[in-house]
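Comments concern the structure below.
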Amino acid sequence: VARALAIPAGALLVVLEKLTEWCSRMDFLYFYITGAVAVGILLLYPLALMALRTRRYKGFAVAGCWVLALSVALHFGLRAGTVQVTAAGSVPNPSLVVTSGGKAVVIYRDRRTIWAVQQAMQEQGARDCVLLIDLRRTSQTTEYVGLLQPYEVVIAQEDFFSHSAWQPLPGVEVLVQKQGEGAIACVQAGGYKVGTATGSVNLAPYPALDVYVAGSGTTAGPYGALLVNRPPPGWADASAALYVYENKAVVDIRPGYSMIIKGGRYGAEGE
């Protein structure tokens, strides 16, 4: 009997494995859980184990509802007003995705980052792109229009401005400054500044940046923490702290409280 049942059981296991692999390739089947909600779900496991051992299933149901309710309330309470700046994409020029309150601002630097930008927005629950700043030196493609459907698009190299500012999200200001053929973009939130650039730029006349997301261009001037992809650019100070990431790094800004860099590795070589 065991041998006879093993054959259909093995076939069902193969089907389940293939179904799981198929589902994992579809972005809309992902459900991202982070923060206090994830902690609350983890707490349900020991509660369920206790319920099985003590046979107090009603008590588990009541306790589970309270744990989930409190975790959701704590999650949204702690996330209120938080601004996230994600360096999306594993290419030398990652794009920046600024999210807060279910909306996003994208500072676009490479067409190869479009899928990483979409994933970052999905992970952070941002369904609307209210502003997209195309910071590329040659903006010949507009694939982001159909994929992100931004409310407003600004192409830095075509709009002849030396310095412009936007306030697309509550408590968030985005500054763009052109320097010759290059351009600098800065996101200001809660007193912290996260910046990036294209081309050769000088940060000296610009407001001091707390975090600078480097690219393939050459940069001069002061900055705080440095976010780069491998390998670090030749102009970077080897003795400076480099947060090297492989796929993405997220800067969490809590206005009036703190700024935390997640997903980065400390050290000039990313070790």
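The values are calculated or read from the model by the stated rules, or taken from the named source; none is laboratory data. On a predicted model such as this, the values are computed, not experimentally measured, just so you know. Positions of Cβ are backbone-derived with ideal geometry, glycine not excepted, and every protein chain shown enters the neighbour counts. For accessibility, only protein heavy atoms count, side chains too; no ligands or nucleic acids. Shrake-Rupley method; radii C 1.70, N 1.55, O 1.52, S 1.80 Å.
Other residues with beta-carbon under 11 Å from the beta-carbon of Asp252 carry, at +1 per Lys or Arg and -1 per Asp or Glu, a net charge of +3.
Here the extension length gained between Leu19 and Leu68 equals 14.7 nm, from 0.36 nm per residue of separation less the Cα-Cα distance. Taking only protein heavy atoms into account and a 1.4 Å probe, give the accessible area per residue of the chain in Å². Heavy-atom SASA per residue in the chain reads 56 Å². Between the helical axis of 57-79 and the longest alpha-carbon principal axis of the chain there is an angle of about 0 degrees. Global size of the range 37-151: 20.3, 67 Å for Rg and Dmax (C-alpha atoms, Rg to one decimal, Dmax whole).
Taking a virtual spin label 7 Å from the Cα of Thr142 along the C-beta vector, which residues in the range 82-109 bring their backbone nitrogen under 20 Å of it? What the label zone holds, given the 20 Å backbone N cut-off, is 105-109. Seen from every direction in turn and averaged, the convex hull around the alpha carbons of the chain projects onto 19.7 nm².
Taking Cα centre as origin and charging only the Cβ of basic (Lys, Arg, +1) and acidic (Asp, Glu, -1) residues, the dipole magnitude of the chain rounds to 1200 debye. Placing unit charges on each Cβ (+1 for Lys and Arg, -1 for Asp and Glu) gives the chain a dipole about its Cα centre, and among Thr54, Gly171, Ala236 the Cα reaching farthest toward its positive end belongs to Thr54. With contributions of -39500 (n - 2.57) from each DSSP H run of at least four residues, the per-residue ellipticity at 222 nm computed over the chain stands at -10000 deg cm²/dmol. Given a 1.4 angstrom probe, I'd like the percentage of the accessible area of the range 23-121 that is carbon and sulfur, rounded to a whole number. About 68 percent, which is the carbon plus sulfur part of the accessible surface. Sequence-distant contacts, meaning Cα pairs under 8 Å at least 6 residues apart, place the relative contact order of the chain at 12 percent. Rg and Dmax, both from the Cα atoms of the range 93-170 and both in Å, are 11.9, 34.
Between the listed residues Pro150, Tyr212, Ile133, the Cα displaced farthest toward the positive end of the dipole of the range 85-217, a dipole computed from Cβ unit charges relative to the Cα centre, is found at Tyr212. Rounded to the nearest 10 degrees, what's the angle between the helix 35-54 long axis and the longest principal axis of the chain, both from Cα atoms, 0 to 90? That helix lies at roughly 10 degrees to the long axis.
Net charge of the neighbourhood of Arg112, taken over other residues with C-beta under 13 Å away and scored Lys/Arg +1, Asp/Glu -1, is +1.
With respect to the chain, whose longest principal axis is taken over its alpha-carbon atoms, helix 114-123 is tilted by about 50°.
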